[in-house]
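Peer 1: Shown below is the structure under consideration.
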Amino acid sequence: MSYIIECKSGKSVYGESYYEIMPVWNPDRKELYNQDLDTMIEWCIENYGPTGSEVWGAKRWWYDNDSKFWFKEDRDVVLFLLRWG
């Protein structure tokens with residue numbers, strides 16, 4: 001399954017730059033939204049490691065919050081886009 005993905009750079013968390021990734025959800029699959037999001041989060045944990053118990057803990061490799069993903073490294077963005085875009 002692939003999604004249209006919006007990507008923005010220059011977002012800041014604790015003064016550090018991150019890329020913000022937001023999947024654009026297909027309205028035809030609205031009932032599967034949470035399942036799809038959970039699948040993406042599980043995939044991120046498998047590939048990037050756990051993000052931590054705090055939503056916005058300092059110096060995290062990646063975050064997920066409010067149906068968005070935040071990545072510190074551009075190579076992680078590319079991997080995410082290749083998998084889900």
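Peer 1: Let me spell out the model: positive unit charges on the Cβ of Lys and Arg, negative unit charges on the Cβ of Asp and Glu, origin at the Cα centre of the chain. What dipole size does that give, in debye rounded to 20? Working shown, then result.
Peer 2: Numbers: 10 positive and 15 negative charges, 48 e Å.
Charge dipole, the chain, about its Cα centre: 240 debye, nearest 20.
Peer 1: Sticking with this structure for a sec: In the chain, how many lysine pairs have Cα atoms under 15 Å apart, counting only pairs 8 or more places apart or on different chains? Could you put the intermediate results ahead of the total?
Peer 2: On the way: Lys8/Lys68; Lys8/Lys72; Lys11/Lys59; Lys11/Lys68; Lys11/Lys72; Lys59/Lys72.
Here the count comes out as 6.
Peer 1: Something else: State the label only: which of [x] 12.8, 40; [y] 17.9, 61; [z] 12.5, 38 corresponds to Rg and Dmax of the Cα atoms in Å computed from the shown model?
Peer 2: Here Rg and Dmax of the Cα atoms in Å agrees with entry [z].
Laboratory data are not the source of any read-out in this text; all were calculated from the coordinates shown. Worth saying up front: this structure is predicted, and the values here are computed from it rather than measured. So basically every Cβ, Gly included, is an ideal-geometry build from the backbone, and we count neighbours across all protein chains shown.
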